[in-house]
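The structure appears below as structure tokens.
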Amino acid sequence: MKIFHLSAECYPVAKVGGLGDVVGALPKYLNQAGLDTSVVMPFYDRKFTRENLFDVIFEASTKLGDKRYEFQVLKEQTDKLGFPLYLIKAPGLLDRENIYSYPDETEQFVFFQLAFLDWLNWSQQTADVIHCHDHHSGLVPFLLYHSALYKRISNIPTILTIHNGQYHGAFSWDKFNYLPEIDPDSTGLLDWRGGINPLAAAVKCAWKYTTVSPTYLHELTIQSNGLEYLFYTEGQKGRGIINGIDTQVWNPETDPMLVKNYHTKTADKGKKENKDALCEKFGLSPDKPLVVFIGRLVDEKGADLIPAIIRKSLDKHKGALSFMILGSGESGLELELKQLQEQFAGECSVYIGYNEELAHLVYAAGDFLLMPSRVEPCGLNQLYSLRYGTVPIVHSTGGLRDTVIDFGNEEGYGITFNNISAEEACVSIDRAVTLYANTPHLKLLRKRMMELDFSWDRSAKEYIQLYESL
């Protein structure tokens, strides 16, 4: 079975969030299960593309409105990621460093999709399934089935996976000429609220769509930035499949980024050595419970609540608690966290930016991982923390609800709260401090967490079943 994954991100080529992690791992596990799975993404002028060798396997040109762009399809020579990787490069459009935030982002992603379809069509290839990820490839299902240009490949099934339904990639009808000739009776499939909406078009046209957790499948009918009714009416096509994690990369027993490797039987000693190293580096005490946060400093992640959570918790648990924050985002929030670091020296440390090696160490060193997310379609951070024996403290929403069971329940292992507020999060941190003092119980939960299976092996089986059903 031949599968093409289309995505704007793929770790380690280019990654902003969970989309990159998923597309960088799922195809590898699908191939290990016997499928023929490839990833196609735009070319970015980044470290990965500079340090690896590529073959030009196809060259052509495609019109985008009134302009014609030359493009190349590049293939990474060694399949070092565990799957064939194809990059679509177009000088002046798909050859830049950053993934997002260019003023002509619409043009970039529309052209990426057109070039992919032209390559597939003109090179006489086919596929068993085209798997699209988020709005960046959302026009592909529509164009396949409603443009005569792609009649040869119009029988290929398509699947859309929604990693974040808040972003639609919408643009105005004055850019309709970007698209090739289509059946005029089908233009309504592109439309949502008076504009061209790639995510909505994909939900309407793809054979199936998936979300990255069962709870998020339901939540999209309640909160999806204006597409709620669409998700309600198309719900029979939807399926929630929990993301997995790459257990070869995220494995405390072999992780080269840790100070000390460990497994379930040596977790107490291993975590202590990593915590000692982290605390020494950032001026914290290793003898206190350490609450960590890793992620984007934006409202969606509940990061705006973090300063109040830190102040209230440190005021209440004077000298008995530490915080470590790793992330970047809103400049005002970054400044506020830096000020907290000065105010609570020795109790709160902040690293602004992202550092992959440091992130691995923080997962291993932390006692508790804070995730006060307002929206979390699946969440991977809590899965990494479980793998590393770090108790997640989460707002029970989306995938967090599906993957973290409160330790007050039978077979539970995490700490959850239901209302999104600093006060509720602080109550959960109070529970964490109490749990930390109960060493036997904490050891039991660590063992239970580390033995959970959130690997891509499990999730890949569900995707394979879905592919076969088409």
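The values are calculated or read from the model by the stated rules, or taken from the named source; none is laboratory data. Predicted model, so just to flag it, every value in this text is computed and none were measured. Please note: Cβ atoms are built from the backbone with ideal geometry, for glycine as well, and neighbour counts cover all protein chains shown.
Observations on the structure shown:
- Filtered by the rule that a residue be surrounded by fewer than 19 Cβ atoms within 10 Å (Cβ to Cβ) and under 21 Å from residue 309 (Cα atoms), segment 345-358 gives 345, 346, 352, 353.
- Only one of the numbered conditions (1) under 17 Å from residue 390 (Cβ atoms); (2) more than 22 Å from the chain's Cα centre (by Cα); (3) of a type in the set (Gly, Ala, Ser) is not met by residue 283, and that is (1).
- Residues in segment 430-459 that are closer than 20 Å to residue 379 by Cα and touching a Pro at 6+ places or on another chain (Cβ under 9 Å): 449, 450.
- Contacts under 8 angstrom Cβ, first residue in segment 10-26 being at negative phi, partner among the hydroxyl-bearing types (Ser, Thr, Tyr) and assigned to a helix (DSSP H, G or I), 6 or more apart: 13/49; 26/459; 26/463
- Residue that is surrounded by the fewest Cβ atoms within 10 Å (Cβ to Cβ) [pool: residues in segment 50-83 that are of a type in the set (Asp, Glu) and touching a strand residue (DSSP E or B) at 6+ places or on another chain (Cβ under 6 Å)]: 55
- Complete set of residues in segment 419-450 that are over 30 Å from residue 238 (Cα atoms) and either among the charged types (D, E, K, R) or outside any helix (DSSP H, G or I) (or both): 421, 423, 424, 430, 431, 438, 443, 446, 447, 448
- Candidates 142, 111, 176 - the one that is closer than 24 Å to residue 230 by Cβ, of a type in the set (Phe, Trp, Tyr), assigned by TED's automatic domain parsing to the domain that holds residue 22 and touching a residue at least 40 places away in the same chain (Cβ under 8 Å): 142
- Some residue of segment 113-128 being under 21 Å from residue 238 (Cα atoms) and modelled with pLDDT of 95 or more: yes
To keep it simple, each residue is scored yes or no on (1) of a type outside the set (Lys, Arg); (2) in contact with a helix residue (DSSP H, G or I) (Cβ under 6 Å, 6 or more places away or on another chain); (3) modelled with pLDDT of 95 or more; (4) over 21 Å from residue 298 (Cβ atoms).
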position: 364; (1), (2), (3), (4): yes, yes, yes, yes
position: 384; (1), (2), (3), (4): yes, yes, yes, no
position: 387; (1), (2), (3), (4): no, no, yes, yes
position: 413; (1), (2), (3), (4): yes, yes, yes, yes
position: 434; (1), (2), (3), (4): yes, no, yes, yes
position: 446; (1), (2), (3), (4): no, yes, yes, yes
position: 450; (1), (2), (3), (4): yes, yes, yes, yes
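- Test: residue in segment 161-181 that is more than 22 Å from the chain's Cα centre (by Cα) and within 22 Å of residue 131 (Cα to Cα): yes
- Close Cβ contacts (under 8 Å, 6 or more residues apart or on different chains) running from residues in segment 297-321 that are in the same structural domain as residue 343 (by TED's automatic domain parsing) to residues that are buried (at least 18 other Cβ atoms within 10 Å of the Cβ) and of a type in the set (Ser, Thr, Tyr) comprise 300/373; 301/373; 302/373; 321/313.
- Residues satisfying the stated conditions in segment 425-441, i.e. touching a residue at least 24 places away in the same chain (Cβ under 8 Å), touching a strand residue (DSSP E or B) at 6+ places or on another chain (Cβ under 8 Å) and surrounded by fewer than 19 Cβ atoms within 10 Å (Cβ to Cβ): 435
- The sole residue among 67, 75 that is over 26 Å from the mean Cα position of the chain (by Cα) and charged (D, E, K, R) is 67.
- Looking only at segment 327-357, residues that are touching a residue at least 24 places away in the same chain (Cβ under 8 Å) and not in a strand (DSSP E or B) come to 15 in all.
- Within segment 24-49, considering residues that are hydrophobic (A, V, I, L, M, F, W, C) and farther than 18 Å from residue 120 by Cβ, the one surrounded by the fewest Cβ atoms within 10 Å (Cβ to Cβ): 33
- Residues satisfying the stated conditions in segment 295-329, i.e. among the β-branched types (Val, Ile, Thr), crowded, with 22+ Cβ neighbours inside 10 Å and over 18 Å from residue 435 (Cβ atoms): 306, 310, 325
- Where a residue in segment 117-128 is in the same structural domain as residue 141 (by TED's automatic domain parsing) and its partner, wherever it lies, is assigned to a loop (DSSP other than H, G, I, E, B), with Cβ under 8 Å and at least six apart: 119/125; 120/126; 120/127; 126/156; 127/156; 128/1; 128/156; 128/157
- Counted residues, segment 145-160 - those being touching a residue at least 60 places away in the same chain (Cβ under 8 Å) and crowded, with 23+ Cβ neighbours inside 10 Å: 1
- Scanning segment 17-44 for residues that are of a type in the set (A, V, I, L, M) and farther than 30 Å from residue 328 by Cα yields a total of 3.
- Top-ranked residue of segment 358-409 - restricted to ones that are part of a loop (DSSP other than H, G, I, E, B), under 17 Å from the mean Cα position of the chain (by Cα) and not polar (S, T, N, Q), ranked as farthest from residue 420 (Cα to Cα): 380
- Residue match in segment 105-120 (condition: assigned to a helix (DSSP H, G or I), farther than 15 Å from residue 4 by Cβ and polar (S, T, N, Q)): yes
- Selection of segment 26-41 for residues being part of a strand (DSSP E or B) and within 23 Å of residue 461 (Cβ to Cβ) yields 36, 37, 38, 39.
- Residue 450 meets the conditions (1) in contact with a Lys or Arg (Cβ under 8 Å, 6 or more places away or on another chain); (2) aliphatic (A, V, I, L, M); (3) over 19 Å from residue 292 (Cβ atoms) in every case but one. The failed one is (3).
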